[in-house]
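To start, the structure under review is shown below, and the notes come after it.
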C-alpha cells in the first residue's frame, strides 16, 4: 500500500468540516431513507425533502466521491453500504448532531481548556437538551448506537446470578435490556434524569427505571455500570459521580466503566478525536490509563483490569 502524501493528509483534515456538515444536512433531509427502496433522481429527492435540486445534487456528488451514496447516472443516486448505515438506529442521529448543534459548537473550539458550548447556546449542553425534547430524543437514540459492540465487551465480565446491575446514566435503557436478555438471572435498574427519552417496552419484570441525578444519589446495587458517561465530565465532576456511587455501593460491589483507555503513541485511535468533542461540549475528556487510575482513586475505587474500552474496578477497602 502506497504512503499517503503529506498534501493529501493535510487536505483530508482541512475539508473535514465540509464533510461533517454535508453529511449532517443530507441525513437531516432523510435522504438515506428516501433511497431505501432503490435509486431516485435528485429532482424527486429534492421535491420530497423541500430542498434545492442543484444544491442537493452537489452535496450528494461530494459524498458519493467518498463512497457515501453513488451516482448511477447523472442526477440519479442510490445508497451504498456506507449510506445504508444511516438507516440503522443511531447513525443518522449522530450525523445530524455532528453536522448540526455539535458543528456549531466546534466552530468555537479553542485552546483555553474550557467548554465553549455555553458561549454559543447560552446554557450548558444538558440544560439545552432539557429545553429541546426533540434533540434530547435524538441524543438518546444516538447514545444507544453501538449497543451490540458494548454487549460484546460486557460479555468479558464475570456476571453472577442474582446480581442487581445499576446502569448509571443509562439513557433509554437499551443497553441494560440487551444485557438482561443474555443474562436473565440478573436484575437491572436504569438510573437517569426524568426527562430521558426511553422505550417503556424495555421495562417490566427484572428491569426498572429510576429517576434522579447521579450527582445526588444512586440506587443500591451489586454492579454499577457507567457506559460512556465519565468522558462527558471534567475530573472533579467525574470524581463526584464516582463518590456518589461509592456512597451507595456495598463494600463488595463492582464498577464497570465502558469508556476508552487512550493508548500512548501516534497510532490512529478514534477517541483521540472524540476527546476534542468532549472538550467542546462539556470540558470533559477521554483518559489514558494513568488518568483513569487517578480518577478512580479520587472516587474511592481501585482498578481490577483495563481493556482498550472497558475498565473494571472495586471499592477500596
Counted residues in segment 248-257 being buried (at least 19 other Cβ atoms within 10 Å of the Cβ) and either in a loop (DSSP other than H, G, I, E, B) or not assigned by TED's automatic domain parsing to the domain that holds residue 153 (or both) come to 2
Picking from 230, 226, which residue would you name as being crowded, with 21+ Cβ neighbours inside 10 Å and either free of Cβ contacts under 8 Å to residues at least 40 places away in the same chain or touching a helix residue (DSSP H, G or I) at 6+ places or on another chain (Cβ under 6 Å) (or both)?
-> 230
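Let's see how each residue does on (1) without any contact (Cβ under 8 Å) to a residue 12 or more places away in the chain; (2) farther than 30 Å from residue 175 by Cβ; (3) surrounded by 15 or more Cβ atoms within 10 Å (Cβ to Cβ):
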| position | (1), (2), (3) |
| --- | --- |
| 59 | no, yes, yes |
| 62 | no, yes, yes |
| 77 | no, yes, yes |
| 84 | no, no, yes |
| 87 | no, no, no |
| 97 | no, no, yes |
| 111 | yes, yes, no |
| 115 | no, no, yes |
Output the number of residues of segment 258-317 satisfying the condition of being more than 19 Å from residue 236 (Cβ to Cβ), free of Cβ contacts under 8 Å to residues at least 60 places away in the same chain and either out of contact with any strand residue (DSSP E or B) (no Cβ under 9 Å at 6 or more places or on another chain) or part of a helix (DSSP H, G or I) (or both).
-> 10
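Let's see how each residue does on (1) in contact with a helix residue (DSSP H, G or I) (Cβ under 7 Å, 6 or more places away or on another chain); (2) assigned by TED's automatic domain parsing to the domain that holds residue 241; (3) part of a loop (DSSP other than H, G, I, E, B):
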position	(1), (2), (3)
108	yes, no, yes
123	no, no, yes
160	no, yes, yes
175	yes, yes, no
178	yes, yes, no
190	yes, yes, no
197	yes, yes, yes
201	no, yes, no
Would segment 261-268 turn up any residue that is under 23 Å from residue 174 (Cβ atoms), at pLDDT 95 or above and assigned by TED's automatic domain parsing to the domain that holds residue 154?
-> no
From 83, 89, 41, residue being modelled with pLDDT of 95 or more and under 25 Å from the mean Cα position of the chain (by Cα) = 83
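The values are calculated or read from the model by the stated rules, or taken from the named source; none is laboratory data. A quick note: this is a predicted structure, and the numbers were derived from the prediction, not measured. Virtual Cβ from ideal backbone geometry, glycine too; neighbours counted across all protein chains shown.
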